[in-house]
Amino acid sequence: MQTQRKQFTHMAPKYFDIPVRIYWEDTDAGGIVYHSNYLKFMERGRTDMLRSIGFEQNAMKKSGQPIFVVAGIEINYRRPAQLDDMLTVRTRLIGLRRASFIFEQKIYRDDQLMTTATVRCASVDPVKGNPVVLPDSIFNSLLPYLDTEN
């Protein structure tokens, strides 16, 4: 699947959008997006948001810094997306703790809300896989993107 990425346009925006086109490979036999593919689209949104503010997972792992893993997700499917739809995955950081953070993600077709999710990510040691406290440098870098409104 090919996506285009939208970079942040000002200092500390409260959300990050990426476009996603729906292809045959994303759909079931009925031409409806298969439910687990929404998780893939959202993963791309979170990964690209973090990358855009300087957190590239592979580089972090290689340097021994904590990496971020999904620890929990709650997802609600509101409307089905279909073949050839152009979607927007909107990601925003709504919670930040010393060893975890929470994203709210919404998928839209035009202005129509299709899917929503709350995703809790944990900071873990890249070798042992144990939860670890975020270094101050990472915590402080994420803080300006925290959006507690709505």
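The values are calculated or read from the model by the stated rules, or taken from the named source; none is laboratory data. In this text the structure is predicted, and so the values were computed from the model without any measurement. Note that we place each Cβ from the backbone using ideal geometry, even for glycine, and neighbour counts take in every protein chain shown.
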Can you name the condition, by its number, that D28 falls short on among (1) exposed (fewer than 13 other Cβ atoms within 10 Å of the Cβ); (2) touching a Lys or Arg at 6+ places or on another chain (Cβ under 9 Å); (3) of a type in the set (D, E)?
-> (2)
Residue set S52, S141, S137, S63; condition small (G, A, S), surrounded by fewer than 18 Cβ atoms within 10 Å (Cβ to Cβ) and within 30 Å of T27 (Cβ to Cβ); output residue S52
For the range 87-108, enumerate the residues that are more than 19 Å from E43 (Cβ to Cβ) and either of a type in the set (D, E) or loosely packed, with under 14 Cβ neighbours inside 10 Å (or both).
-> R97, R98
Positions within the range 72-95 being under 13 Å from the mean Cα position of the chain (by Cα) and among the hydrophobic types (A, V, I, L, M, F, W, C), in sequence order | I73, I75, V89, L93, I94
Within the range 27-58, track down each residue that is touching a residue at least 40 places away in the same chain (Cβ under 8 Å) and of a type in the set (D, E, K, R).
-> R44, R46, D48
Would you check which residues across the range 24-59 are modelled with pLDDT of 95 or more and among the hydroxyl-bearing types (S, T, Y) and list them?
-> T27, Y34, S36, Y38, T47
What is the number of the single condition among (1) in contact (Cβ under 8 Å) with a residue 24 or more places away in the chain; (2) farther than 24 Å from P13 by Cα; (3) out of contact with any strand residue (DSSP E or B) (no Cβ under 6 Å at 6 or more places or on another chain) that Q112 does not meet?
-> (2)
Can you give me the number of residues within the range 59-90 that are among the hydroxyl-bearing types (S, T, Y), under 19 Å from T118 (Cβ atoms) and free of Cβ contacts under 8 Å to residues at least 60 places away in the same chain?
-> 1
Give just the number: which of (1) under 16 Å from G129 (Cα atoms); (2) touching a Leu at 6+ places or on another chain (Cβ under 7 Å); (3) not aromatic (F, W, Y) does Q57 not satisfy?
-> (2)
